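The values are calculated or read from the model by the stated rules, or taken from the named source; none is laboratory data. Predicted, not measured: the structure shown is a model, and the values here were computed from it. Counting neighbours? That spans all protein chains shown, and the Cβs are built from the backbone with ideal geometry, glycine included.
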Amino acid sequence: MALVGSIANIAKIPELKRRVIFTLLMLLVYRIGVHVPTPGINASAIKDFFQKYAQTLFGIVDMFTGGAMENFSVFSLGIMPYISASIILQLLTVVVPHLERLSKEGEAGRKKITQYTRYGTVVLSLIQGLGISIGLARTEGMVYMSKPAFVILSMITLTAGTAFLMWLGEQITERGIGNGISLIIFAGIVARMPSALGSTVQLVKTGEMGFLILLLLLAIMVVVIAIIVFVERGQRRIPVQYAKRIVGRRVYGGQSTHLPLKVNTAGVIPPIFASSLIIFPATIAQFLNVPFLQTVTSWLHPGTLVYEVIYVAMIVFFCYFYTAVTFNPIDVADNMKKYGGYIPGIRPGKKTAEYIDKVLTRITFGGAVYISAVCVLPSLLISKFNAPFYFGGTSLLIVVGVALDTLAQIESHMIQRHYEGFIRTGRIKGRRG
């Protein structure tokens with residue numbers, strides 16, 4: 001009843017109601033586009049192809065695109081080229097002085113970097129679209145039209161689809177609720193879960209999976225979801241004391257507070273970044289008849305030791321990298337010193353920054369281990385229980401993480417207007433703490 005009342009309160013806030021409706025309509029547009037096929041493709045042949053390779057690299061691509069790749073729709077590339085372009089720009093920001101200056105110029109600099117990211121998305125989409133189109137054109141029975149015409153048309157169509165999704169995500173972020181890019185991935189995964197559940201039930205009916213195994217899988221899902229919620233809301237609170245300041249006849253400061261550092265500051269970004277980087281070269285190599293590339297691709301299948309080691313290494317790297325990009329201990333320490341704040345027992349300034357960085361490094365390692373453990377779960381479930389890929393930790397991590405972020409934003413809107421939120425005992429903590 002409390003949940004129903006909280007949902008009813010959304011309708012009482014006109015701005016929040018408009019944002020929620022706009023977000024749902026944009027996600028509906030995305031789901032409709034997933035079922036619009038690329039011209040010239042043999043739909044039945046492409047479905048058979050993806051059923052054959054459902055638990056390989058293509059299964060990962062299809063999961064992040066919400067089934068668009070299986071239909072070879074106009075959204076087949078999904079939002080992954082945008083994410084790959086964002087990774088490249090963030091890496092270049094560290095080494096290219098011009099980009100580093102732009103990142104420190106506030107809103108104007110961020111707009112310029114966003115513009116570069118859009119250009120990079122188009123370039124990567126053209127490259128990926130060209131590789132996939134050539135591979136499909138070379139496969140017997142996949143296309144109806146001439147091969148050169150199909151390659152050019154599908155490359156342009158796939159690039160336009162990704163550009164539209166990029167625009168859609170930005171519109172959701174600006175005019176809707178939640179992070180648009182994350183919500184697009186979230187919608188794709190959630191839309192595929194009913195079919196995964198149906199496949200699991202079918203496995204039980206045919207005897208390929210025992211009923212006790214199904215119950216065990218459901219229990220594992222519940223435990224994993226509980227762990228994700230617990231860790232995603234986990235914080236290390238560093239005590240901060242503000243000294244009293246006298247300005248005129250007023251006294252400011254003097255209170256005790258804390259600096260919240262999230263265990264998983266990077267959120268769902270590391271597994272998404274890691275997956276997109278593995279998918280990009282391996283997807284291209286899958287269609288090229290080059291022995292060396294074929295060997296490398298065989299190593300990068302989910303479940304292989306090489307794949308899992310590289311995947312975990314990338315997750316750990318991006319946990320630290322994204323945390324370093326989004327949280328600067330030096331800036332935090334300078335701001336604390338500026339307003340008379342200090343950590344008891346630690347000198348203000350450089351020593352405070354070093355202490356915060358030390359604590360953040362330790363808890364980020366714990367967060368990286370947690371994400372890695374959750375994300376390698378699919379391989380264990382597939383190898384041991386023949387479970388559908390959608391029972392995996394990566395998809396659950398994204399779904400639960402994005403849901404918590406979106407609920408946190410809705411909660412913030414409701415509390416600002418003195419409406420009761422989704423929980424009575426406290427606020428839903430966002431990813432930024």
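The combined condition, being under 30 Å from A196 (Cα atoms), among the β-branched types (V, I, T) and either surrounded by fewer than 20 Cβ atoms within 10 Å (Cβ to Cβ) or modelled with pLDDT under 85 (or both), is not fulfilled by I127.
Do you know which of the residues in segment 143-173 that are out of contact with any helix residue (DSSP H, G or I) (no Cβ under 7 Å at 6 or more places or on another chain) and aromatic (F, W, Y) is modelled with the lowest pLDDT? Only one residue fits best here, namely Y144. Entry remark, segment 335-364: residues being out of contact with any helix residue (DSSP H, G or I) (no Cβ under 8 Å at 6 or more places or on another chain), under 30 Å from V268 (Cα atoms) and not polar (S, T, N, Q) number 5 in total.
None of V122, V151, V201, V190 is under 17 Å from I87 (Cα atoms) and among the aliphatic types (A, V, I, L, M) except V122. Of all the numbered requirements in (1) closer than 18 Å to V306 by Cβ; (2) modelled with pLDDT of 65 or more; (3) buried (at least 19 other Cβ atoms within 10 Å of the Cβ), A282 misses one, and that requirement is (2).
Matching residues to (1) closer than 18 Å to V34 by Cβ; (2) part of a helix (DSSP H, G or I); (3) not aromatic (F, W, Y):
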| residue | (1), (2), (3) |
| --- | --- |
| G161 | yes, yes, yes |
| W167 | yes, yes, no |
| I172 | yes, yes, yes |
| G178 | no, no, yes |
| L183 | yes, yes, yes |
| I189 | yes, yes, yes |
| A196 | yes, yes, yes |
| S199 | no, yes, yes |
| K205 | no, yes, yes |
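No other residue among G188, G176 is surrounded by 14 or more Cβ atoms within 10 Å (Cβ to Cβ), touching a helix residue (DSSP H, G or I) at 6+ places or on another chain (Cβ under 6 Å) and either modelled with pLDDT of 85 or more or more than 30 Å from I213 (Cα to Cα) (or both) apart from G176. From the list V296, V306, which one is within 30 Å of I134 (Cβ to Cβ), modelled with pLDDT of 75 or more and surrounded by fewer than 19 Cβ atoms within 10 Å (Cβ to Cβ)? Residue meeting the stated conditions: V306. Residue under question is F58, and the condition is that it be at pLDDT below 85 and among the hydrophobic types (A, V, I, L, M, F, W, C); does it hold? It is true that F58 is at pLDDT below 85 and among the hydrophobic types (A, V, I, L, M, F, W, C). Among residues that are surrounded by 13 or more Cβ atoms within 10 Å (Cβ to Cβ) and of a type in the set (G, A, S), G198 is not included. Being buried (at least 16 other Cβ atoms within 10 Å of the Cβ), among the small types (G, A, S), farther than 16 Å from V29 by Cα and touching a Leu at 6+ places or on another chain (Cβ under 6 Å) is the requirement here; does G120 meet it? It is false that G120 is buried (at least 16 other Cβ atoms within 10 Å of the Cβ), among the small types (G, A, S), farther than 16 Å from V29 by Cα and touching a Leu at 6+ places or on another chain (Cβ under 6 Å).
The lone criterion from (1) more than 15 Å from F72 (Cα to Cα); (2) exposed (fewer than 15 other Cβ atoms within 10 Å of the Cβ) left unmet by G141 is number (1).
On the stretch given as segment 100-132, residues that are part of a helix (DSSP H, G or I) and in contact with a Lys or Arg (Cβ under 9 Å, 6 or more places away or on another chain) total 3. Out of V251, V263, one residue alone is modelled with pLDDT under 85 and among the hydrophobic types (A, V, I, L, M, F, W, C). It is V251.
Taking the residues in segment 74-113 that are among the polar types (S, T, N, Q) and surrounded by fewer than 24 Cβ atoms within 10 Å (Cβ to Cβ) as candidates, determine which candidate is nearest to I152 (Cα to Cα). The selected residue is S84. Count of segment 196-209 residues, restricted to those that are small (G, A, S) and free of Cβ contacts under 8 Å to residues at least 60 places away in the same chain, is 2. If the Cβ limit is 7 Å and pairs must be 6+ apart or interchain, which residue in segment 324-352 that is on the phi > 0 side of the Ramachandran plot pairs with which residue that is not aliphatic (A, V, I, L, M)? Matching pairs, first to second residue: G340/Y242; G340/R245; G340/G253; G349/K337.
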